[in-house]
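The values are calculated or read from the model by the stated rules, or taken from the named source; none is laboratory data. It should be emphasised that the depicted structure is a prediction, and the values quoted were computed from it without experimental measurement. Every residue, glycine as well, gets a Cβ built from its backbone with ideal geometry; the counts of neighbours run over all protein chains shown.
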Amino acid sequence: MASLFGSIFRKAPLHERMRARLSDHAMNQGFCIMPALGIIYASVPKVACTSLKAMFFELHGASSDVNISAIHDVARQPWQHVSDYTVEGFAALIERRELRLVAFVRDPFARLASCYVNQFRYPLNYWDDPRRVGLRAQLLEDPMKPASFAEFVEAVARQRPGEMNTHWAPQAHQLCIPDLAYDFVGRVEAMEADLARLGGVIGRELKPVKAWNVTSAGSDLRSLYSPETEALAAKIYAQDFRTFGYLPRLA
């Protein structure tokens, strides 16, 4: 039955398959349509997306010297969005292959650790900020109570990918893989080289203008992960490990 459903799903129109994975809001936030650069950049939180968007601000002739809220504010971004096309129109744009589909990914272990350190580990600056509290409330019964990394990972594991916030949802899910075929997928771990490679493809010099939200969580993952949380994260992000070629175990 599952195989039959999968076969039917794969034959559905692209816009329906995308909507089965992402809300219209998530698509509008995540897909940055840049005809001036010849690309559609699919951004994923905790994958240097703030730094990359700041770079794209500058490439569009807009100042990148703005705060994080402005960088992620759709109304202030100098490129197009799914709402400018409708989801159906956006899917048709992708299918016409007029623009290259571009994304960056990150080691799932490091990305999950960065999410915890940046948003969940107590104490944090602005711990009681409503946006931070709201984010924690999506996972934790008491968002004001400090949670250990193990409690955080266990809470993530209780959600299905479609229920997860984009900060911790699997990257392959957010990038609508395998429904979307990407022309370029770079890695955060090789950012400088991969930006140079992407720049060669689109004919522009690409380099981050500023590093944002740096947590250094990936520099010492063993200090956070236990064998149990390592195994649980490997299960949660199994598709990411398979799709992007990361090792499903800590080095």
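List of remarks:
- Test: residue in segment 112-121 that is over 24 Å from H25 (Cα atoms), in contact (Cβ under 8 Å) with a residue 12 or more places away in the chain, over 18 Å from the mean Cα position of the chain (by Cα) and not in a helix (DSSP H, G or I): yes
- Subset of segment 107-151 [farther than 13 Å from W168 by Cβ and charged (D, E, K, R)]: D107, R121, D128, D129, R131, R132, E141, D142, K145, E151
- Near pairs, Cβ below 7 angstrom, 6+ apart or cross-chain, from segment 86-98 (closer than 15 Å to N28 by Cα) to any residue that is part of a helix (DSSP H, G or I) and among the hydrophobic types (A, V, I, L, M, F, W, C): V87/M18; V87/M27; F90/V82; A91/L14; A91/M18; I94/L14
- Test: residue in segment 143-150 that is under 20 Å from A238 (Cα atoms), out of contact with any strand residue (DSSP E or B) (no Cβ under 9 Å at 6 or more places or on another chain) and in contact (Cβ under 8 Å) with a residue 24 or more places away in the chain: yes
- Residue in segment 35-42 that is loosely packed, with under 13 Cβ neighbours inside 10 Å, outside any helix (DSSP H, G or I) and at pLDDT 90 or above present: yes
- Conditions (1) on the phi > 0 side of the Ramachandran plot; (2) touching a strand residue (DSSP E or B) at 6+ places or on another chain (Cβ under 7 Å): number failed by V188: (1)
- Looking only at segment 225-251, and only at residues there that are touching a residue at least 60 places away in the same chain (Cβ under 8 Å), over 28 Å from L180 (Cβ atoms) and assigned to a helix (DSSP H, G or I), the one that is farthest from the chain's Cα centre (by Cα): E228
- Entry remark, segment 129-177: residues being of a type outside the set (A, V, I, L, M) and within 30 Å of L14 (Cα to Cα) number 16 in total.
- Candidate set: segment 43-93, residues that are assigned to a loop (DSSP other than H, G, I, E, B) and of a type in the set (A, V, I, L, M, F, W, C); chosen: the one farthest from P161 (Cα to Cα): A62
- Qualifying residue in segment 187-207 (condition: touching a Leu at 6+ places or on another chain (Cβ under 8 Å), within 18 Å of S114 (Cβ to Cβ), of a type in the set (A, V, I, L, M) and modelled with pLDDT under 95): no
- Residues of segment 159-181 classified as surrounded by fewer than 16 Cβ atoms within 10 Å (Cβ to Cβ) and within 22 Å of F90 (Cα to Cα), total: 3
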